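**Q** After the C-alpha cells below, expect a handful of questions from me.
The values are calculated or read from the model by the stated rules, or taken from the named source; none is laboratory data. Every value quoted in this text rests on a predicted model; they were computed, and no experiment measured them. Note that we place each Cβ from the backbone using ideal geometry, even for glycine, and neighbour counts take in every protein chain shown. All accessible areas refer to the heavy atoms of the entire protein, side chains included, with ligands and DNA or RNA removed. Shrake-Rupley method; radii C 1.70, N 1.55, O 1.52, S 1.80 Å.
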Amino acid sequence: MAEYDLLEQFRTDVIEGLRAKQKRLPSRYFYDAEGDAIFQRIMRMPEYYLTRCEDEILGQQADAVIDAIAGDAHEFDLLELGAGDGTKTKHLLRRLIALGRAPFYRPIDISRNALDALGASLRQELPTLRFRGEQREYFDVLGEPLGGDRTKAILFLGSNIGNLDWVEAAELLAGIGRTMGPRDRLMVGFDRRKDPMLVLRAYDDPAGHTRDFNLNLLRRINRELGADFDLERFVHVPVYDPFTGCASSYLVSTCLQEVHLDGVEQGFRFRAWEAIHTEISQKYDQEEIAALGAQAGLRITHSFSDRKDYFTDAVFMRA
Ligand code: AVJ
C-alpha cells in the first residue's frame, strides 16, 4: 500500500475504533519510529522476559532449530513475518553462513524504519548474506504465494502471534499453511502461560516504558491525524486474566473529556474512567499451541523451549 493509503487506513481504523461502544485501537499502529524505539527499550528491560527467553532458544539451540526448519536444504527462502530488528534471527543467519549454507532472507515488517535499520546491520555484520526486505502487513502475505518453488522456512517469532485472538491466529496460521509445500516449515514463537504476576509485570514495568509505548499511540494519532489527545488525561492499565491467558492493555480516560480529529465534525466523547482497549498479548500452554496448529491444519514437528519454559518456538508442517 502507498503511504497515502496507509494513512487513510489508519484514519478509518481510528475513527471506527473510537466510535465503537467499547472503544479500541488496533495494536499494529504502535510501531511508528517512536514506537519502535520504545519497544527496543521494552525488550531490554528486566521485566520483559520474552525477548531474552527466545534469544536463549535461538542462541543455544541454533543447530537443532536450523535442522528443524530447513533440514539439509542448501538454498532456501527464510521468510520472517514481523522481523523487527532481527536480533534473534541473526543467531540463525550467522550459524547458516558459518555452515556454508545459502539462505535467501526475506524479512517482512510493517515498519519501514525497522527494515532499513535491519538492512544496514545485515550489510555490516553478514556481508555475504542475500536478503530483501518487504514493507507489508502480515495478513497481506496470505493471498499471494510466499515464494517460488524453493523450499521455505517461515519465521513468526517474538510472540507476535499473541496480538491476535484465537480465531485470528488460527486464520493467519491456516493462511500461511495454504502457501506451504510438504517440505516447508513454519516456526512460531509463543509466550507460555506462567505465574500471572510475572506476566503482568512484563506489561507494567516500574520504569514506565510500557506506559510510554501505549500512550505513544495517542501521540501518533495527534501527529498524523491532527487529533488533540491530552496524554496527561489517560493512564496505562495492563491486566492479565489467568482463565483465558490473555494480557490486555488499556488506555483509560481519567476524566470526562472530548477529543477531536482533523476533518471529523463530531468529537469523541470519553466518560470519566472510560477505557480504550489497545492490545492483547495472548499466552499459551503446550496443549493450546498444538490445538491452535491443528485447527489451522498444521502439525507440530519440533518444539524448542528455554530452560524456564517461559517461551516456546514451535515448528509446524502441513498436517
Ligand atoms: C511485540 C507483540 C510481542 O505483546 O508482548 C510489549 C508488544 N506490548 N509490551 C507483546 C508489547 C507491550 C509485544 N509483541
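**Q** Going by alpha carbons, how many degrees (0 to 90, nearest 10) lie between the helix axis of 112-125 and the longest principal axis of the chain?
**A** 30 degrees
**Q** Carbon and sulfur together cover what percent of the accessible area of the stretch 62-186 at a 1.4 Å probe radius? Could you put the intermediate results ahead of the total?
**A** Values: 2600 of 5220 Å².
Accessible surface attributable to carbon and sulfur in the stretch 62-186 totals 50 percent.
**Q** Label-point separation (nm) for Leu256 and Ala272, each offset 7 Å from Cα along Cα-to-Cβ?
**A** Going from the Leu256 label point to the Ala272 one covers 0.9 nm.
**Q** Also, I was wondering about something else. Give me P(r) over the stretch 1-150, computed from all C-alpha to C-alpha distances, binned every 5 Å, as integer percentages.
**A** Binned Cα distances yield the sequence 2, 8, 15, 18, 19, 16, 11, 6, 4, 2, 0, 0.
**Q** May I pose another question? Which angle between 0 and 90 degrees, to the nearest 10, do you get for helix 87-98 versus the longest principal axis of the chain when only C-alpha atoms count?
**A** 20 degrees
**Q** Say the dipole of the stretch 1-112 comes from +1 at the beta carbon of Lys and Arg and -1 at that of Asp and Glu; which of Pro103, Cys53, Leu81 then lies farthest toward its positive end?
**A** Of the options given, the answer is Cys53.
**Q** In percent, how large is the relative contact order of the chain, given Cα pairs closer than 8 Å and 6 or more residues apart?
**A** Numbers: 585 pairs, mean separation 67.9, N = 319.
Relative contact order of the chain: 21 percent.
**Q** Could you sort Asp5, Asp13 by their accessible area in this structure, using a 1.4 Å probe and putting the largest first?
**A** Working: Asp5 70, Asp13 25 Å².
Correct descending sequence by accessible area is Asp5, Asp13.
**Q** Plugging the Kirkwood radius over Cα pairs into Stokes-Einstein for the stretch 222-319, at a temperature of 37 °C and a viscosity of 0.692 mPa s, what D comes out in µm²/s? Spell out each step's value before the answer.
**A** Working: Rh = 16.9 Å.
After rounding, the answer is 194 µm²/s.
**Q** So what are the ³J(HN,Hα) numbers for the stretch 44-56, from phi and the Karplus equation (6.51, -1.76, 1.60; θ = phi - 60°), rounded to whole Hz, Gly and Pro as x?
**A** So the J values, rounded to whole Hz, are 8, 7, x, 6, 8, 5, 3, 5, 5, 5, 6, 5, 4.
**Q** Using the Kirkwood formula over every pair of different C-alpha atoms, what hydrodynamic radius in Å results for the chain? Mind dumping the intermediate values first?
**A** Working: mean 1/r = 0.0488 Å⁻¹.
Kirkwood hydrodynamic radius for the chain: 20.5 Å.
**Q** Just to verify a number: FRET efficiency for Val167 and Glu8, C-beta to C-beta distance, R0 = 22 Å, to 0.05? Don't jump to the answer; show the numbers that get you there.
**A** Working: r = 26 Å, r/R0 = 1.20.
Once rounded, the FRET efficiency stands at 0.25.
**Q** Which value at 222 nm does the chain reach when only helices count, each DSSP H run of 4 or more adding -39,500 (n - 2.57), with the total divided by all residues and rounded to the nearest 500 deg cm²/dmol?
**A** Value at 222 nm, helices only, nearest 500: -12000 deg cm²/dmol.
**Q** Mind listing P(r) for the stretch 117-272? All alpha-carbon pairs, 5 Å bins, whole percents.
**A** 1, 7, 11, 13, 13, 14, 15, 12, 7, 3, 2, 0
**Q** Using the alpha-carbon atoms, what tilt in degrees (0 to 90, nearest 10) does helix 209-225 show relative to the longest principal axis of the chain?
**A** The angle comes out at about 70 degrees.
**Q** Residue by residue through the stretch 6-14, which ³J(HN,Hα) values in whole Hz follow from phi under the Karplus form 6.51 cos²θ - 1.76 cosθ + 1.60 (θ = phi - 60°), with glycine and proline marked x?
**A** 4, 5, 4, 4, 4, 4, 4, 5, 5
**Q** Given a Förster radius of 22 Å and the C-beta distance between Leu200 and Gln60 as r, what FRET efficiency does 1/(1 + (r/R0)^6) yield to the nearest 0.05?
**A** With a Förster radius of 22 Å, E is 0.20.
**Q** Moving on to the next point. Using a Förster distance of 41 angstrom, determine the FRET efficiency expected from the C-beta separation of Arg123 and Asp230, and round it to 0.05. Please report the intermediate quantities before stating the final value.
**A** Numbers: r = 43 Å, r/R0 = 1.04.
Between Arg123 and Asp230 the formula returns 0.45.
**Q** I've got another one for you. Per 5 Å bin, what percent of the C-alpha pairs of the stretch 73-197 does each bin hold, from zero upward?
**A** Using 5 Å bins, I get a P(r) of 2, 10, 21, 23, 20, 14, 7, 3, 1, 0 for the stretch 73-197.
**Q** Here is the link list: Lys90/Lys308; Lys152/Lys283; Lys90/Lys194; Lys88/Lys194; Lys21/Lys283; Lys23/Lys88. Which ones come out longer than 32 Å on Cα distance? List each step's numbers first, then the result.
**A** Details: Lys90/Lys308 23 Å; Lys152/Lys283 27 Å; Lys90/Lys194 27 Å; Lys88/Lys194 22 Å; Lys21/Lys283 27 Å; Lys23/Lys88 35 Å.
Distance filter (> 32 Å) returns Lys23/Lys88.
**Q** Would you check the accessible area of His260, probe 1.4 Å, heavy atoms only, in square angstrom rounded to 10?
**A** His260 has an accessible surface of roughly 80 Å² with all protein chains in place.
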